[in-house]
Structures are given as structure tokens and as C-alpha cells.
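Trainee: Here it is: the structure, laid out below.
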Amino acid sequence: MMMSPVTGIVWLFTVVLTVLAGPFGTYDGMEFSARTLYWVSVVSLALLCGYVVRGVVLVMIGQERPALFDLAASIVVTVVFTPVLILVGRCVEGLLGGMPPEFPNVVLYTFAVAFAAYVSRRVVVRAEECTYPFFDDEVEKEPRLVTRLSPEIRGKIIRISGQDHHVEIATSHGSETLRLRLTDAISEMDEVEGYCTHRSHWVARDAIVQVDRESSHKISIVLSNGDVVPVSRKYKPGLENAQIL
């Protein structure tokens with residue numbers, strides 16, 4: 001969104017970079033205040049252009065191939081915005097104290113700034129839903145238990161409930177029953193934070209919506225998918241220590 005904090009971060013980063021670097025002769029040809037006003041105007045216009053282009057490329061390519069998306073968006077921004085930047089440069093030619101910037105330099109700089117803005121939004125600010133493949137392990141690892149599930153069920157695991165030698169695994173996309181012991185299923189959740197609320201139930205902490213207390217001895221936890229799991233006396237102290245109860 002145009003008014004999101006992410007937009008402000010990208011805008012500020014780009015303005016600071018261009019004002020300090022002073023490309024196209026603006027560093028030598030303009031005072032600091034004039035250079036700041038010039039690049040604030042140019043970057044703001046470029047950001048608007050970038051969001052329009054992003055929407056178009058999103059429809060054409062999608063976000064499943066992030067590297068291709070950012071490369072394509074940067075190329076389109078370069079094609080669309082380079083003429084605008086040259087026109088603006090000619091309008092302030094007198095302030096620059098010389099000839100307007102050469103076309104190859106404008107193309108190279110426009111592409112570099114556009115690509116840096118798209119990449120920083122995705123990798124540094126983490127605003128996009130998916131990142132580059134070589135950053136995936138650093139951003140979020142799926143627990144091993146997810147790989148046991150059918151593709152259509154895979155998602156964030158909300159709850160694991162055991163009965164005999166089977167477990168029911170509830171995710172953000174549905175539920176599935178596997179032949180597996182509860183303790184083994186929990187061990188395959190790796191570093192996902194979660195707690196046993198009962199000898200037959202494990203829940204992910206970020207899936208907990210609220211705690212229902214019918215009495216001091218009858219407590220249950222409501223999860224993000226609407227499921228309700230009981231809290232037994234054995235696991236109540238641990239949940240209290242975790243500040244869940």
C-alpha cells in the first residue's frame with residue numbers, strides 16, 4: 001500500500017541515497033537544499049510509477065518467482081521513467097550548470113535504483129509474502145511434520161491431537177489424520193513454539209486466540225481455526241509459566 005510504513009522506509013532510503021550521491025551532476029550543480037527538493041520530487045514521482053508498474057507486473061507474472069518479478073518490474077520502471085527523468089533534468093538544466101545527463105547514464109541509474117528498491121522491500125523490509133530462494137531458510141523453515149501432509153492440507157500447523165497410534169493435524173488449510181504417535185509428531189515440529197495443553201493435544205502458540213475459563217478447574221483454549229482444546233491440571237502450570245493462562 002502507498003501509505004504503509006514500508007513505503008516510507010523505501011522512500012526515505014532512496015531520497016537519502018540520491019541526495020548524498022548527487023547523480024547526474026546534481027551534487028556539484030545544486031546546493032544541498034535545492035538538491036534535496038529536486039530528489040524528493042523525483043523519488044516521489046518514481047515511487048508512484050513503481051507502484052503502478054508493480055501492480056501490472058503482479059498480474060502478468062505473480063509473486064511465485066520473486067527474482068523474475070523484481071527484475072521485470074525494474075526493467076519496466078526503467079523504460080517508463082527514464083524519459084520522465086530526462087525531461088525533468090532538461091527543465092532544471094540551468095541549475096545543473098551544464099548539459100543534461102546522458103541517456104545511458106540515466107538508464108543505468110534508474111534501473112539500479114528501481115532494482116534496489118524492489119529488492120530492499122522484499123529482502124530487507126520483508127514486505128512481500130515470498131522471498132528469494134536463497135533467503136528462504138533464513139526467513140522461515142517449515143517443520144518436518146508438514147512434509148507428511150497432503151499438498152492441499154499443507155500450511156501453518158495449528159493443532160496436533162493424538163488418539164491411540166494416530167494423530168489429527170489441523171492446519172490453516174484443513175486437517176488430516178496420520179498413523180503416528182503424538183510424541184513423534186511433536187518432535188517433528190522442530191523450532192515451532194507450542195505447548196501440550198492435555199495429554200492428547202498440542203497447540204502452536206501463535207494459533208492461540210483466547211482462553212475460556214468456565215471455572216478454576218475447567219479451562220479451554222480457542223484456536224485460530226475455531227477449534228477448542230481442553231487444558232488439563234497436569235499442563236496448567238506450564239501454560240501459566242508461559243503466560244498463556
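Trainee: Rounded to the nearest 0.05, what FRET efficiency do Ile61 and Val84 have when you use their Cβ-Cβ distance and R0 = 30 Å?
Mentor: 0.80
Trainee: Once you have the Cα-Cα distance between His166 and Gln210, take 0.36 nm times their residue separation minus that, and quote the gain in nm to one decimal.
Mentor: Taking 0.36 nm per residue and subtracting the Cα distance, the gain is 13.1 nm.
Trainee: Related question: On full extension of the chain, what length is gained from Ser120 through Thr36, given 0.36 nm per residue of separation minus the C-alpha to C-alpha distance?
Mentor: 28.1 nm
Trainee: Can you list residues whose amide H is under 5 Å from Ile158's amide H, if they're 5+ apart or on another chain and H is modeled 1.01 Å from N?
Mentor: Those lying under 5 Å, H to H, from Ile158 are Ala170, Thr171, Ser172.
Trainee: Heavy-atom accessible area per residue, region 144-245, 1.4 Å probe: how many Å²?
Mentor: On a per-residue basis, region 144-245 sits at 60 Å².
Trainee: Also, I was wondering about something else. For region 167-236, with all protein chains present and a 1.4 Å probe, just round the carbon and sulfur fraction of the accessible area to a whole percent.
Mentor: Carbon-and-sulfur percentage of accessible area, whole number: 45.
Trainee: Two decimals is fine: what is log10 I(q)/I(0) at q = 0.14, 0.18 Å⁻¹ for region 150-245, from a Debye sum with one equal scatterer on every Cα and no solvent?
Mentor: With one equal scatterer per Cα and no solvent, log10 I(q)/I(0) is -0.48, -0.79.
Trainee: Taking H as built 1.01 Å from N, whose amide H comes closer than 5 Å to the amide H of His201, not counting residues under 5 places away?
Mentor: Gly162
Trainee: Sticking with this one: Per residue, what accessible area does region 28-78 have, given a 1.4 Å probe and all protein chains present, in Å²?
Mentor: 52 Å²
Trainee: Could you derive backbone 3J(HN,Hα) for region 37-43 from the dihedral phi with the Karplus parameters 6.51, -1.76 and 1.60 (θ = phi - 60°), listing whole Hz in sequence and x where the residue is Gly or Pro?
Mentor: Rounded to whole hertz, the list is 4, 4, 6, 4, 5, 5, 5.
Trainee: Go through region 148-156 residue by residue and turn each phi into a ³J(HN,Hα) via Karplus (6.51, -1.76, 1.60, θ = phi - 60°); whole Hz please, and just put x for glycine and proline.
Mentor: Values, residue by residue: 7, 7, 5, x, 6, 9, 4, x, 5 Hz.
The values are calculated or read from the model by the stated rules, or taken from the named source; none is laboratory data. Because the structure is predicted, anything quoted here is derived from the model rather than measured. Backbone-built Cβ (ideal geometry, glycine too); neighbour counts: all protein chains shown. The area values use the complete protein model at the heavy-atom level, side chains included, leaving out ligands, DNA and RNA. Shrake-Rupley method; radii C 1.70, N 1.55, O 1.52, S 1.80 Å.
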